[in-house]
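Chemist: This is the structure I want to talk about, given as C-alpha cells.
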Amino acid sequence: MQPQAQQIQRPLTIVIAAIGGEGGGVLTDWLLEVARHEGYRIQSTSIPGVAQRTGATNYYLEIAPKSRPDMALALTPMPTRVDLVIASELIEATRAVQNGYVTPDRTTLIASTHRVYATSEKAHGADGRFDTQGALKAMTTLALRTVLFDMDRATQQSSSVISAVLLGAVAGSGALPFSRSSFEQVIRESGIAVASNLAGFGLAFGLASGETPLASLRPASPIRRSTRPSAAQLMSQARGNFPQESQYFIDEGIKRLVDYQDTTYAQQFLTRLQPIAALDRRLNGQTLGFRLLNETARHLALRMSFEDLLRVADLKTRETRFDRVRREVNAKSGQPVVITEYFKPGIDELSGVLPPVLAQKLLTWAHSKGHGQNLNVGLHIKTSTISGFLLLWLAARLRRFRRSGHRYQQEQLNIEHWLVLVSRSAEIAYEFGLEVAECAKLIRGYSETYQEGLENYQRIVAQVIEPALAAGIDARYATRAARQKVQASIPDGHGASAEQSALDPGFKPIVLTRRKSVAS
C-alpha cells in the first residue's frame, strides 16, 4: 500500500542529486508540473558540479503549503532541513548524507543502489572503490526512512529511463502529498516515450510502495563472452596441474590472455606459474590457501595483458561495447548513436608498437629534442562512422605483430625479473614473497599512469627488495618496509593516511555521525 502523505504545514524541501546525463533536469521538471497540477506553489534551482563522471548536479525544490501560497521560499538547501533526498546513484546519495542533508528526524532518502564509478575510483593505483556496505549503513542509520533498490536494473527491465523510475519511487514512497494520477499525467503530457516511461514509473511505484516484491527485479543481463575450445582445453589441463584453491584465478587468467593475444600466450602464463605452484607446495602453502600462487597468478595475468595502443583499439571496436553503450543510453532499435573516442598517444605509446631498433631510434631522437614527455597527438575518432571504426579495427588487427614490438619485449623481461624476485623473497619468508607479488599492482593503466606506477615499482625494488635479498635483512622488517612503500606509492586522491591505506587499501571509509536537528 502507498503511504498516505499528509497536507504540508510548512515548506517542503527536496534535494535531487543526479549524475550528468541521467535526467535530473527531467525529473525536476516533472515534479514541478505535478505540484502545479495539485495546486501547490513550487520553485526550483540547480547547482551544477563536476564532482565525478560527466558532472554531478544538485537540484533544489521547495514547495509552499497551500495555506501560505505567498510564503518566501529559499533558493538553496540547508543542512538538517531537507525533507526528501533523491539520488540516481549510490555514492551520490552518500554525498548528500555527508553534506548533512539527511537527518533521522526528518528526511526520506530515495536512492538507487547501483554504482557508476567515479574518475577518482578508476584512477586509483589499486582498488579505489568506495565502501558500498558502509554507504548503505550510513543511509539507513541517518535517514528517517529509506527507499533503496537497483534502479538501473529497473530501468533495463522496463526499457525506460532512470528519471521515470525515480519519479515512480517518489510517488510510491508517499513522501509527497500528490496523487499517483498526477504523476502519470505529467508523463503523458510530456509526449516523449510515454509507454516505456509509464512502465518504468509503474515498476518503481510498486517496489517503493511494497506492492511489488524486490525479488521481481530480474538480474542484469550478462555480457556474453565467447570462450574458444582451445581455451577450455587449457583450463581443463590446468585443473590437473594446479591446486583447486587457485583454479578461479588461473581460469580467469587463461580467458583473459586468450582474448588478449592467443592460446600460445595463455600457455606461457601456465608455464610461468608452474615453478610458483611447486614453491608454494614446498612452503606448505596449502595451509594458507595457496595465497602466493593465487596472488602471483592474478597479477601475472594483468601484467601479461598490458594496455597498449592495439589493446585499446581492440576494446573500443568490440560489438559488446557498442551494445553496452546503446543499452546505457537507452537507444531504440534503429536510433543512431554517435560515439567519439579521445586519444592522446605520446612517444612511448607510438614506439611501443614498433620493432625495437626503430623504437630506440625514435626514443633517442625524442629525448635529444626534449620531447620525451610532451610530444602527444590529440585524436578524436568517431567509431560510429565507417572510417573511424575501420581505423581502430585495423589497428586492433595488428595484435598478431605485438610480439615483435618494443613494448612487448620490454614487458616480458620485466615480468621474468618480477617472478624471480617473488620466488627468492618467498624462500626467505612466505609473507615477504606475498608482498613482492603485490608490488605488481603498482604497474597498471596506460601512458602517464603506467609510467608513474612502473617508476614507483622500480624504486621499491631498488630500495627495499634487492637490498633485503642481497644482505639478508630480517624478513619481517623487509615485509613491513615493502608494504609501507607500496601503500605510500598508491595515489588515492582522498588524503587517506598510510596507516589507513595499509589496513584496507581498497575502500574509502564512510564515517557515521549524527547531527543535531535544527528546529524548523
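Chemist: Among what's in the stretch 71-115 and is in contact with a Pro (Cβ under 8 Å, 6 or more places away or on another chain) and within 12 Å of Asn58 (Cβ to Cβ), pick the residue that is surrounded by the most Cβ atoms within 10 Å (Cβ to Cβ).
Modeler: Tyr101
Chemist: Here's something else I'd like to know. If a residue must be surrounded by fewer than 11 Cβ atoms within 10 Å (Cβ to Cβ) and either of a type in the set (S, T, N, Q) or not in a loop (DSSP other than H, G, I, E, B) (or both), how many such residues does the stretch 323-346 contain?
Modeler: Of the residues in that region, 3 qualify.
Chemist: Go through the stretch 417-439 residue by residue and tally those that are of a type in the set (Phe, Trp, Tyr) and more than 31 Å from the chain's Cα centre (by Cα).
Modeler: Taking the stretch 417-439 first, the residues of a type in the set (Phe, Trp, Tyr) are 418, 430, 432.
Applying the additional criterion that residues be more than 31 Å from the chain's Cα centre (by Cα) yields 430.
Within the stretch 417-439, residues that are of a type in the set (Phe, Trp, Tyr) and more than 31 Å from the chain's Cα centre (by Cα) number 1.
Chemist: Here's a follow-up. Considering Arg318, Arg239, Arg282, Arg311, which residue is of a type in the set (Lys, Arg), free of Cβ contacts under 8 Å to residues at least 60 places away in the same chain and closer than 21 Å to Leu398 by Cβ?
Modeler: Only one candidate qualifies: Arg318.
Chemist: Right, next: Quick one: in the stretch 7-39, of everything that is of a type in the set (Gly, Ala, Ser) and either closer than 26 Å to Leu90 by Cα or in contact with a Pro (Cβ under 7 Å, 6 or more places away or on another chain) (or both), which residue is modelled with the highest pLDDT?
Modeler: Step by step, filter the stretch 7-39, then rank; the result is Ala17.
Chemist: Counting just the residues of the stretch 456-477 that are exposed (fewer than 13 other Cβ atoms within 10 Å of the Cβ) and part of a helix (DSSP H, G or I), which one comes out modelled with the highest pLDDT?
Modeler: The residue in question is Ala462.
Chemist: Hey, can you tell me all the residues within the stretch 221-242 that are modelled with pLDDT of 75 or more and either more than 23 Å from Leu293 (Cβ to Cβ) or part of a helix (DSSP H, G or I) (or both)?
Modeler: Ala231, Ala232, Gln233, Leu234, Met235, Ser236, Gln237, Ala238, Arg239, Gly240, Asn241
Chemist: For the structure I just gave you, tell me whether His367 is at pLDDT below 80, not assigned by TED's automatic domain parsing to the domain that holds Ser158 and not in a helix (DSSP H, G or I).
Modeler: Working: at pLDDT below 80: yes; not assigned by TED's automatic domain parsing to the domain that holds Ser158: yes; not in a helix (DSSP H, G or I): no.
It is false that His367 is at pLDDT below 80, not assigned by TED's automatic domain parsing to the domain that holds Ser158 and not in a helix (DSSP H, G or I).
Chemist: Counting only residues that are small (Gly, Ala, Ser) and within 25 Å of Ile14 (Cα to Cα), which one in the stretch 109-124 is modelled with the lowest pLDDT? Steps first, answer last, please.
Modeler: From the stretch 109-124, those small (Gly, Ala, Ser) are 111-112, 118, 120, 123; that's our starting set.
Next, only the ones that are within 25 Å of Ile14 (Cα to Cα) stay: 111-112, 118.
Details: Ala111: 93, Ser112: 92, Ala118: 75.
It comes out as Ala118.
Chemist: Of all residues in the stretch 417-460, which are more than 20 Å from Ile347 (Cβ to Cβ), out of contact with any helix residue (DSSP H, G or I) (no Cβ under 7 Å at 6 or more places or on another chain) and touching a residue at least 40 places away in the same chain (Cβ under 8 Å)?
Modeler: Passing the criteria: only Glu427.
Chemist: Are any residues in the stretch 179-193 surrounded by 15 or more Cβ atoms within 10 Å (Cβ to Cβ) and closer than 13 Å to Arg36 by Cα, and if so, which ones?
Modeler: Ser179, Ser182, Phe183, Val186
The values are calculated or read from the model by the stated rules, or taken from the named source; none is laboratory data. Model, not experiment: these values are computed from the prediction. Here the Cβ is made from the backbone with ideal geometry for all residues, glycine too, and neighbour counts use every protein chain on show.
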